[in-house]
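One structure below.
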Amino acid sequence: MMQLISDWLGAAQGWLFETVIQPLVFQLGCGEFVEEAFEGTEWLLIGMLELTLLFLVLRPLEAMIPVHKITDPRARWNDFIYTVLHRIGLFPVLIFFTLDPLMDSVAAMLRFESFHPLNLETLMPGISPLGSFMVYFVVLDFFDYWYHRASHQFNWWWGLHGLHHSQQNMNLWSDNRNHLLDDLLRDVYMGVIALCIGVEPAQYVMLVSVSRILQSLQHANVRIHFGRVGEWLLVSPRYHRMHHAIGVGHESHGKGTLGGCNFAVLLPVWDIIFRTANFTPQFVATGIRDQLPQTDERGVVTPGREYGRGFWAQQWLGLKRMVEYARKDVV
């Protein structure tokens, strides 16, 4: 099955590249980047398929079994912009152009020093493509858990990552509502890990795609959980929603200090092992405490912190928070 899917995607990639992308590249006078454009076509194709799947499956589910009514349609549209930028390949291509040559140089240097990345075919002879996919899935998710948890432990990092948590109308597009610098750091981190453990490029694309689809489900405005057993096996919308809960998901014991629960990206087992799991069966309100109006001892109400309404405002305010929070011991 994995080979069949790979063959089908390869044929579709070749057709899209030859009929649309390659002529456009030459028309723009960028013939020297034709190989990079071919790689980018794969991300574009996968992203288009993901967007189609989300529209056909998750969007109707949000309409049928929503957790809450969308009170700010503009915020949801803004999240959609983030998702399109990621899924049609613009952001991955940007990362590719800037980082791939560096990654190739590092890999070449390591090979020159007789260092070869781990490879499951060497460690586990005879393992099937599906078997290696599942092993890499688990290993990469383990490292993703620690990346995510770290973004909640350092003030400057939370200044960036807070943008993701500032959505009070969480929806299927909210997974990609991230600061570009935060995304850059994560893509570099995960790319290096994948290189070091020997993930094949084609397999990495599929791993990223499966992860993105599951994370879109987690953020969707749907009243879904996976039952007593399933909640322990895969991160559900209800489980992940607790991670976005005001005063719980990203604070230590609700005291305003950095911390939180449910950091697992795909597999709750990491939260269980490292004691950060919260299986409270509630569909909670989402957002950040400092977004809410604040009342002082005299009863004077002041507006909450502004995280930005549009894409560029959110990016700029994220950088400002990063600098501001880096100077504090407590956010």
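The values are calculated or read from the model by the stated rules, or taken from the named source; none is laboratory data. Please read all numbers here as calculations on a predicted model, not as lab measurements. Reconstructed Cβ throughout: ideal geometry from the backbone, glycine too, with neighbour counts over all protein chains shown. Protein only, heavy atoms only, side chains kept; ligands, DNA and RNA dropped before computing areas. Shrake-Rupley method; radii C 1.70, N 1.55, O 1.52, S 1.80 Å.
Laid out as a table, the results:
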quantity: Spacing of the two label points (7 Å from each Cα toward its C-beta) at THR295 and LEU49, in nm; calculated: 5.4
quantity: Estimated FRET transfer efficiency (LEU181, GLU36; beta-carbon r; R0 25 Å; 0.05); calculated: 0.65
quantity: Helix-only mean residue ellipticity at 222 nm for the chain, each DSSP H run of n ≥ 4 adding -39500 (n - 2.57), per residue, nearest 500; calculated: -18500 deg cm²/dmol
quantity: Two-site FRET efficiency, ARG74 against ALA108, from Cβ-Cβ distance with R₀ of 41 Å, rounded to 0.05; calculated: 0.30
quantity: Solvent-accessible heavy-atom area per residue, rounded to whole Å², over region 120-224 at 1.4 Å; calculated: 37
quantity: Percent carbon-and-sulfur accessible area, the chain, ignoring ligands, DNA and RNA, probe 1.4 Å; calculated: 67
quantity: Per residue accessible area in Å² of region 16-78, where ligands, DNA and RNA are left out and the probe is 1.4 Å; calculated: 62
quantity: Alpha carbon convex hull of the chain, volume per residue in cubic angstrom; calculated: 171
quantity: The chain: relative contact order in percent, alpha carbon pairs under 8 Å with at least 6 residues between; calculated: 19
quantity: Residue-wise HN-Hα coupling along region 169-185, computed from phi with Karplus coefficients 6.51, -1.76, 1.60 (Hz; x: Gly, Pro); calculated: 10, 4, 8, 4, 8, 6, 4, 8, 6, 9, 6, 4, 5, 4, 4, 4, 4
quantity: Estimated FRET transfer efficiency (LEU56, VAL323; beta-carbon r; R0 35 Å; 0.05); calculated: 0.25
quantity: Rounded to 10°, Cα long-axis angle of helix 311-326 versus longest principal axis of the chain; calculated: 70
